[in-house]
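To keep things clear, I will list the structure first and then write my remarks on it.
The values are calculated or read from the model by the stated rules, or taken from the named source; none is laboratory data. Computed from a prediction, not measured in an experiment: that's the story for all the values here. Don't worry about glycine lacking a Cβ; one is built from the backbone with ideal geometry, like all the others, and counts go over all protein chains shown.
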Amino acid sequence: MQIVAVTSKKQFRTFLSVPKFIYQNDKEYISPIKQEITKILWDHKTPDEVGLWVMIVNNEAVGRIAAFVNKGNKGGLGFFECIDDTTAAHALFDAGIDWLKKKSISSVEAPVNYGERDKFWGLLVEGFRHPSYQENYNPMYYQHLFESYHFVEAFRQSTQEISPKRFNEEKMAALAQKVEQNPDISIRHIDKNNLKKYATDFATIYNAAWKQHEHFQPLDTTKVLKIMKSMKPVMREDLLWFTYDKEQPVAFYVSIIEINEIFKNLNGNLNWLGKLKFLYLKSRTPITRIRGLVFGVIPSHQGLGITSGMMMKVFNIFKTDPHLQTSELAWIGDFNPRMLRLMKSIGAQEIKQHITYQKKI
């Protein structure tokens with residue numbers, strides 16, 4: 001059993017290959033796009049903020065881990081994969097934590113992403129079906145590997161699912177009626193040809209709606225616009241809704257197609273051939289699931305039925321698209337009971353849980 005620090009491109013290719021060994025018999029597994037993982041962990045601008053290791057047993061790469069320092073000087077461990085062996089797992093955890101200690105980090109979150117909290121965050125502990133795009137998926141035994149190392153639960157993230165049959169249309173329509181009757185308020189989907197406007201509006205709403213949250217990090221238009229442009233190839237205009245009061249942005253509801261329904265056929269590689277294959281499959285794959293990424297309402301307009309109004313807009317898409325069956329509503333923390341109550345009230349049911357662990361080091 002050998003822990004090897006990843007310092008070369010060849011070693012990083014080995015790092016990327018570990019999941020193929022771990023999930024070789026898992027029919028649910030969908031490989032993340034390796035170019036995305038490379039961008040996060042290898043093409044970063046501050047290499048001293050990321051450490052990478054692989055575990056070699058009998059000349060086979062059977063485990064890996066990344067350690068990094070996130071905003072606020074917070075230590076993180078992520079992109080963990082390992083065989084079902086506590087000795088191997090603990091050795092990987094030791095490697096990452098020893099590296100963080102040398103940087104005077106006193107606590108660590110795991111398994112988390114290097115950077116954005118809305119992707120690759122938390123350990124899957126319930127709902128081992130339908131892996132979603134940029135959502136952590138892992139074997140069931142990983143929970144034991146983490147908890148045997150004395151990681152403790154910091155919070156849970158819930159993924160809810162809603163289908164037209166379960167959607168409480170009567171209640172939502174009644175709540176949305178006030179919005180529909182208000183001449184100052186309009187709800188409309190985005191226009192791909194005017195992304196800069198919507199990026200500005202998104203940042204305005206987000207910064208007003210989230211500023212009271214513990215982990216709030218303000219967004220700027222440039223960053224949002226970059227994200228929107230990257231989403232453009234898979235963006236459906238009728239799945240991204242904004243609400244305006246006298247043309248002032250007050251709310252958004254952002255959903256995307258579940259592109260893992262396409263990516264499952266790409267074997268995790270979006271090179272030039274993969275991109276051609278993606279475009280071919282995109283035009284021929286009936287998408288059955290969408291994924292609600294985020295919605296927010298500025299404080300002054302909460303409780304006015306705006307959320308219900310936007311949900312009705314998305315629900316109406318299901319009526320006109322014969323392929324859509326369900327929508328996932330992701331990343332709802334247990335520290336947000338109001339949102340969990342809303343999910344229950346509209347008829348959603350929980351289908352997945354992820355745990356974010358923490359540990360003093």
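How about segment 52-73: which of its residues are at pLDDT 90 or above, part of a strand (DSSP E or B) and either more than 16 Å from Ala5 (Cβ to Cβ) or more than 22 Å from the chain's Cα centre (by Cα) (or both)? Break it down into steps so the answer makes sense when it comes.
Step one: list which residues in segment 52-73 are at pLDDT 90 or above, which gives 52-69.
Filter once more, so that each one left must be part of a strand (DSSP E or B): 52-57, 60-69.
Once the filter is applied, which keeps residues that are at pLDDT 90 or above, part of a strand (DSSP E or B) and either more than 16 Å from Ala5 (Cβ to Cβ) or more than 22 Å from the chain's Cα centre (by Cα) (or both), segment 52-73 yields Trp53, Val54, Met55, Ile56, Val57, Glu60, Ala61, Val62, Gly63, Val69.
For segment 240-256, name all the residues that are of a type in the set (Val, Ile, Thr) and in contact with a helix residue (DSSP H, G or I) (Cβ under 7 Å, 6 or more places away or on another chain).
Here is the first cut: in segment 240-256, the residues of a type in the set (Val, Ile, Thr) are 243, 250, 254, 256.
Within segment 240-256, Thr243, Val250, Ile256 qualify.
Listed by position, the strands (runs of 3 or more DSSP E) enclosed by segment 184-272 that each have at least 1 residues that are without any contact (Cβ under 8 Å) to a residue 24 or more places away in the chain and under 17 Å from Ile306 (Cβ atoms) are 248-257.
Results for (1) over 20 Å from Thr38 (Cα atoms); (2) among the aromatic types (Phe, Trp, Tyr), shown as yes or no for each residue.
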position: Gly72; (1), (2): yes, no
position: Glu81; (1), (2): no, no
position: Thr86; (1), (2): yes, no
position: Leu100; (1), (2): yes, no
position: Ser104; (1), (2): yes, no
position: Trp121; (1), (2): no, yes
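Please go through segment 325-350 and give me each residue that is assigned to a strand (DSSP E or B) and surrounded by 18 or more Cβ atoms within 10 Å (Cβ to Cβ), ordered by number.
We begin by selecting, within segment 325-350, every residue assigned to a strand (DSSP E or B); these are 326-333, 349-350.
The answer is Thr326, Ser327, Glu328, Leu329, Ala330, Trp331, Ile332, Gly333.
Matching residues to (1) acidic (Asp, Glu); (2) surrounded by 14 or more Cβ atoms within 10 Å (Cβ to Cβ); (3) touching a Ser or Thr at 6+ places or on another chain (Cβ under 6 Å):
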residue: Glu153; (1), (2), (3): yes, yes, no
residue: Thr159; (1), (2), (3): no, yes, no
residue: Ile162; (1), (2), (3): no, yes, yes
residue: Lys171; (1), (2), (3): no, no, no
residue: Leu175; (1), (2), (3): no, yes, yes
residue: Lys178; (1), (2), (3): no, yes, no
residue: Asp191; (1), (2), (3): yes, no, no
residue: Asn194; (1), (2), (3): no, no, no
residue: Asn207; (1), (2), (3): no, yes, no
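Among the residues of segment 18-34, which ones are within 20 Å of the chain's Cα centre (by Cα), under 11 Å from Asn267 (Cα atoms) and not in a loop (DSSP other than H, G, I, E, B)? Working first, answer last.
Residues of segment 18-34 that are within 20 Å of the chain's Cα centre (by Cα), as a first pass: 19, 28-34.
Remaining after also requiring under 11 Å from Asn267 (Cα atoms): 29-34.
Passing the criteria: only Lys34.
Listed conditions (1) at positive phi; (2) outside any strand (DSSP E or B) are all met by Ile37, apart from (1).
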